[in-house]
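**Student:** Handing you this structure, nothing more for now.
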Amino acid sequence: IAIPMSMEYDDFMRSLQETDDEPLALVNFTDEEGYGRFLDLHQCYEVYLNIKGIEKLDYLTYLQTFDRLYDIPKERKLHEYKQYLDQHLFTYLFDFLKKIKPLIDIDNDLANVKQDFELKYNDGLFPGWPVSIN
């Protein structure tokens with residue numbers, strides 16, 4: 001009895017997916033991320049577009065400016081903007097960094113960055129967050 005090639009192929013692919021020996025991919029990247037070579041900021045961009053009081057940008061301009069947080073005036077950095085940073089942009093970048101650099105001690109690096117930020121912020125030297133004069 002002859003077995004069609006398509007059935008053999010399906011069986012072969014099923015056996016590859018069901019093997020417990022070694023996973024095919026240790027880390028899952030989206031197609032846009034190109035196995036960790038690129039960022040896929042589409043979801044962050046969609047959230048950014050829905051923030052009230054923020055200039056609407058096309059995706060390419062967003063990619064060129066998403067890291068310039070200091071360009072947005074302090075008056076526009078409201079609750080929605082903070083949510084965008086905490087729940088979307090920071091979370092995505094943190095998870096992406098963990099995927100591409102699993103041996104880095106991210107928590108230690110973040111503690112150092114936070115300490116540096118707090119010193120500059122308290123002195124009014126952090127870009128985008130000047131000391132307010134009351």
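The values are calculated or read from the model by the stated rules, or taken from the named source; none is laboratory data. Here the structure is a predicted model, which means the values were calculated and not measured. Cβ atoms come from the backbone with ideal geometry, glycine included; neighbour counts cover every protein chain shown.
**Student:** In the stretch 50-77, how many residues are over 21 Å from T30 (Cα atoms) and either surrounded by 13 or more Cβ atoms within 10 Å (Cβ to Cβ) or aromatic (F, W, Y) (or both)?
**Tutor:** Here the count works out to 9.
**Student:** K99 - would you say it is in the same structural domain as F38 (by TED's automatic domain parsing), farther than 29 Å from E55 by Cα and not in a loop (DSSP other than H, G, I, E, B)?
**Tutor:** Details: in the same structural domain as F38 (by TED's automatic domain parsing): yes; farther than 29 Å from E55 by Cα: yes; not in a loop (DSSP other than H, G, I, E, B): yes.
Yes, satisfied.
**Student:** Here is a further query. Of all residues in the stretch 57-66, which are touching a helix residue (DSSP H, G or I) at 6+ places or on another chain (Cβ under 9 Å) and without any contact (Cβ under 8 Å) to a residue 12 or more places away in the chain?
**Tutor:** Going through the stretch 57-66, the residues touching a helix residue (DSSP H, G or I) at 6+ places or on another chain (Cβ under 9 Å) turn out to be 57, 59, 62-63, 65-66.
Result: L57, T65.
**Student:** Somewhere in the stretch 106-128, is a residue assigned to a loop (DSSP other than H, G, I, E, B), at pLDDT 90 or above and touching a Leu at 6+ places or on another chain (Cβ under 9 Å)?
**Tutor:** No; the residues of the stretch 106-128 include none that is assigned to a loop (DSSP other than H, G, I, E, B), at pLDDT 90 or above and touching a Leu at 6+ places or on another chain (Cβ under 9 Å).
**Student:** Can you name the residue in the stretch 1-16 that is part of a helix (DSSP H, G or I) and among the hydrophobic types (A, V, I, L, M, F, W, C) and, of all such residues, is modelled with the highest pLDDT?
**Tutor:** Keep residues of the stretch 1-16 that are part of a helix (DSSP H, G or I), which gives 5-16.
Now drop any that are not among the hydrophobic types (A, V, I, L, M, F, W, C), which leaves 5, 7, 12-13, 16.
Values: M5: 80, M7: 83, F12: 80, M13: 79, L16: 67.
Out of the qualifying residues, it is M7.
**Student:** Moving on to the next point. Quick one: would you say D86 is free of Cβ contacts under 8 Å to residues at least 12 places away in the same chain and within 20 Å of E33 (Cα to Cα)?
**Tutor:** Spelling it out, it is not the case that D86 is free of Cβ contacts under 8 Å to residues at least 12 places away in the same chain and within 20 Å of E33 (Cα to Cα).
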